[in-house]
């Protein structure tokens, strides 16, 4: 069938639907109606045009059979370029929704030893904590002992409670042994909401692709295979078995009376229980299980409730002041909303943190204690405290800058990263280079080059090797942005001359090779690296690149990916993100 | 040619991957202090992670490059780059392999392959690679057609094709407005101001590297988008060097007709070509795009048949003191006119002289100067009104009020008549 059309007309008779058909105006289109942008007199007709982007008059379609309808090759169009699979940046774990009731594994005869003797207590707040008093009974002057430990504690635990909380704490202080009645809505009553996360994605994949026998050989540390204590917990964390670690925190918290189903029930808090919560929530975040973290954070409110302060427990912590909440937990709590698509809330919380840090620094500089009270600090203590709070402020600013970057508010992000330099001057090179990379992401190559030149000026000859590699890396990124993959590749190789084991340079050099049309070489390089040095190279980003290239190479990429799976299986813990293997 | 692939097992596999620029891997920093339960564990984990920045592990934007994971969007003016790989999946040597890549749009078919010669032989597990680039010049559906022909070791000639369809979208929305400046009192040239509004209709931020106006031979262009400060002018957009999705920016250009065209400009009617907008932008890691508009057209301001402009007028005058002005009357029509001038007083402006006098004949394109005297009775900024010109041939009267304004032209504030009575 001859699909000939009259020339100089848009070919809307073709079977292909135009997604953006309305705006490809040709020269003959009439002018569009004006929009009110600049005030001008009524009797003037402003002129507007939509652009004709150099589109030639559409000629008659090619005589190739692809223009014929029905039986046409349209039906056989292969829509998939490379069978591209959408890989999202953060894996969407369905386990987040899994709110299974807790197995009563406690019945399994496990001997759960709580971390410290005095924290095994469940129960109401009225009961005095007799055990803790025993700790101090050995010394003659409990107060003096407490004082010598308290300097370090004081500066770390200092916090500025809100007005309401302050009032509650004062009233508690004036009634020695029985805290004033506080509405339960202002108390922290946390409890586990998720249980038994110990699903090993790697083992699952092995079952599906390598068979049961191979899967049986997989050995990872589980919550059962370590000491049921903080020591065991640390083992699980350092071996990257974070799911098992989360489960262990669950068990330890259950011993504190804050286990599954205990949310909403009155309880008491100690530094140890709060540290356990912190580790649990931090691990959720590292595992990208953000909703889990949000749900379990919820009973903690904004971390300012009176029962989270030492003053609330005068019998347990006599004379101690400040917040029991670790600063890192506050930071985690503030950062979390940005990973749940609520970056503005994260910014608000981070600003609040910043305000308090600045207030505390201000107090210190005025000669007061951190919380503003008229306690004289020695010069040494003051300096130590200033140092601590400055570094905390720097950390908060990092969080803010990262959040702004996530929100794509590049201007503010760049400003914030810039202002971190005064708090962390030893990170100047990295911060300026990072800002340069942000400009490359925007596309402003000139500005990026200016920042990279700044870095180069600040790096003197004979400085640390990392400075030279940094300068070279920056240069390579500029070449990349100029489409000069050859020079970029050469520059990454120069980094490798100085630092042969640099994983970033190796990975990036291989990526450049691909853009130069040298797939086999690139593959060979990356594969070799993964085999020789799995510790460095069995990493999500490298494996994404490797599996992508496997798929480009041939249709039989599955075997090679399985080989990767085997390599992963014998090294990586249960927290490994298996999406990068593309075996789904 | 039989392209029924389903029935035939081919020895070669064709794979295509779009090569957008790689992205930088980002990390999620989770930290704690030494006194916390994990101690330095979290710090160690971050230091051991190869994708973190050493010495600044809390910095989210790393240095590891990640290959594109999906096709993404492609916009008019960008360059479509793609890796084409033909892999010998079989165990036999394959001969005479010819790989052709064509890009088919609704209007044309382009050959994109770098080489058009056949590869003599391809051993098992080897591949033929090619990276093609094409600057996309049309919107809408594009089809990448990859054809592979080869000969097996038994002499059998085989052939297959694969089609990859993608849409090219429009990246920018451009609207233009023209402003005609009333002639400068000291010269006869007319300046035209062009305001170009550019909107980013993609889903990612765009850095506008260059937006310039290439004028036609009739005009000289001054771009008005930098603030002079030192060597490099600073952009009028300040720090905001990029356009977020859906954001709009306005660029301003001043066009002056060149001297040799100047006289004509005053009486040019109808449509004139002003020039083209040339836009260059960049996105992630320097991915470049470039577009030109077609020739922008301007409707010459219709002065009607007669154009009245002011040649001379003082800036400030004293209250109730007569002062002189000089008007220039140009015959913009095709016929000779016989003009009579009448002056009408307004509340604030009082004319001195004889109203209703003949000015004489005026041929097409010619102009005459008319000196007049007026005084003002009211303080403040006044505009001159009340001039009437009548063409006795056609018995048509042209009224001139607020003389700075004339018919369907737009005036800039600077050329409003300023007249302060004090």
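Just so you know, all these numbers are worked out from the coordinates, no wet-lab data involved. Computed from a predicted structure; not experimentally measured. Using ideal geometry, Cβ is built from the backbone for each residue, glycine included, and neighbour counts are taken over all protein chains shown.
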*Go ahead and set up a Gaussian network model of chain B, Cα springs under 10 Å, then flag whichever of B:286, B:238, B:77 fluctuates most.*
B:238
*Send over the Kirkwood Rh of segment B:53-115, from the inverse of the averaged 1/r over different Cα pairs, rounded to one decimal Å.*
16.8 Å
*asked:* Averaged across orientations, what area in nm² does the convex hull of the alpha carbons in segment A:346-396 project?
replied: 3.2 nm²
*Quick one: Debye curve from the C-alpha atoms of segment B:306-409, no solvent, what's log10 I(q)/I(0) at q = 0.20 Å⁻¹?*
-1.04
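If the chain between residue A:563 and residue A:412 were fully stretched, how many nm would it gain, using 0.36 nm times the residue separation less the Cα-Cα distance? Could you put the intermediate results ahead of the total?
Working: separation 151, 0.36 × 151 = 54.36 nm, distance 4.47 nm.
Full extension from residue A:563 to residue A:412 adds 49.9 nm.
With N denoting the number of residues in segment B:103-174, provide Rg(C-alpha) divided by 2.2 N^0.38 Å, to two decimal places.
Numbers: Rg = 16.2 Å, N = 72, 2.2 N^0.38 = 11.2 Å.
After normalising by residue count via 2.2 N^0.38 Å, the value is 1.45.
Inside 10 Å of the C-beta atoms of A:497-505, what's the mean count of C-beta atoms belonging to other chains?
On the way: counts 0, 0, 0, 0, 1, 3, 4, 10, 2.
So the per-residue partner count for this stretch is 2.
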_For a quick size check, give me the Cα extents of segment A:477-571 along its three principal axes, largest first, whole Å._
37, 29, 17
*In whole Å, largest first, what are the principal axis extents of the Cα atoms in segment A:325-470?*
52, 44, 21
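If I take R0 = 41 Å and measure r between the Cβ atoms of residue A:570 and residue A:162 in this structure, what FRET efficiency does the formula 1/(1 + (r/R0)^6) give, to the nearest 0.05? Please list the in-between numbers first.
Values: r = 51 Å, r/R0 = 1.25.
With R0 = 41 Å, the Cβ-Cβ based efficiency is 0.20.
Round to the nearest 0.05 the FRET efficiency obtained for residue B:79 and residue A:295 when R0 = 41 Å and r is the Cβ-Cβ distance.
Numbers: r = 46 Å, r/R0 = 1.13.
It comes out at approximately 0.30.
What is the extension gain from residue B:173 to residue B:109, computed as 0.36 nm multiplied by their sequence separation minus the C-alpha to C-alpha distance, in nm to one decimal? Don't jump to the answer; show the numbers that get you there.
On the way: separation 64, 0.36 × 64 = 23.04 nm, distance 2.70 nm.
Between residue B:173 and residue B:109, full extension yields an extra 20.3 nm.
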*Fraction in percent of alpha-carbon pairs per bin - 10 Å, segment A:210-336*: 12, 38, 33, 12, 4, 1, 0
_Looking at chain B as a GNM with Cα springs under 10 Å, which of B:358, B:153, B:48 has the largest mean-square fluctuation?_
B:48
*Under 19 Å from a point 7 Å along the Cα-to-Cβ line of residue B:393: which residues of segment B:308-333 have their amide N that close?*
B:308, B:329-333
*Spin-label pair residue A:446/residue B:328, simplified geometry with 7 Å Cα→Cβ offset, distance in nm*: 3.9 nm
_Residues of segment A:517-560 with the amide nitrogen closer than 19 Å to a label point 7 Å from the Cα of residue A:584, along Cα-to-Cβ, please._
A:539-552, A:557-559
_Counting just the Cα atoms, what span does segment B:1-96 cover along each of its three principal axes? Round to the nearest Å and put the largest first._
74, 41, 23
*Once segment B:85-125 is represented by equal point scatterers at the alpha-carbon sites, with solvent omitted, what log10 I(q)/I(0) does the Debye formula produce at q = 0.22, 0.27, 0.35 Å⁻¹?*
-0.75, -0.91, -1.16
_Taking each residue in B:329-342, count the Cβ atoms of any other chain within 10 Å of its Cβ, then average. What number comes out?_
0
*asked:* When only alpha-carbon atoms are used, what values of Rg and Dmax, in angstrom, describe chain B?
replied: 34.8, 110
*How big is the Kirkwood radius of segment A:427-475, worked out from every pair of different alpha carbons and given in Å to one decimal?*
10.6 Å
*asked:* Would any residue of segment B:34-73 have its amide N under 14 Å from a label point 7 Å out along Cα→Cβ of residue B:203? List them or say none.
replied: B:69-73
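With the contact rule set at Cα under 8 Å and sequence spacing of 6 or more, what percent relative contact order holds for segment A:337-423?
Over segment A:337-423, the number comes to 28 percent.
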*Compare B:165, B:54, B:100 in a GNM of chain B, Cα atoms joined below 10 Å, and give the one with the largest fluctuation.*
B:54
_Peptide-level mean, for A:509-515, of C-beta atoms on other protein chains within 10 Å_ = 4
*Taking neighbour counts of Cβ atoms within 10 Å as a proxy for exposure, in what order, fewest first, do A:357, B:344 appear?*
B:344, A:357
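For segment A:152-296, what is Rg from Cα atoms divided by 2.2 N^0.38 Å, rounded to two decimals? Present the calculation step by step, with values, prior to reporting the outcome.
Details: Rg = 19.5 Å, N = 145, 2.2 N^0.38 = 14.6 Å.
For segment A:152-296, the normalised Cα radius of gyration comes out at 1.34.
Suppose R0 equals 22 Å. What FRET efficiency, 1/(1 + (r/R0)^6) with r the Cβ-Cβ distance, do residue B:316 and residue B:377 give to the nearest 0.05? Could the numbers behind the result be given before it?
On the way: r = 15 Å, r/R0 = 0.70.
Efficiency, rounded to the nearest 0.05: 0.90.
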_Can you compute the modelled spin-label distance between residue B:361 and residue A:419, with each label point 7 Å from Cα toward Cβ, in nm?_
7.9 nm
*Calculated on alpha-carbon atoms, Rg and Dmax of segment A:425-584 in Å*: 17.2, 51
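Using only Cα atoms, what Kirkwood radius does segment A:337-423 have, in angstroms? List each step's numbers first, then the result.
Details: mean 1/r = 0.0719 Å⁻¹.
Every distinct Cα pair counted, the radius reaches 13.9 Å.
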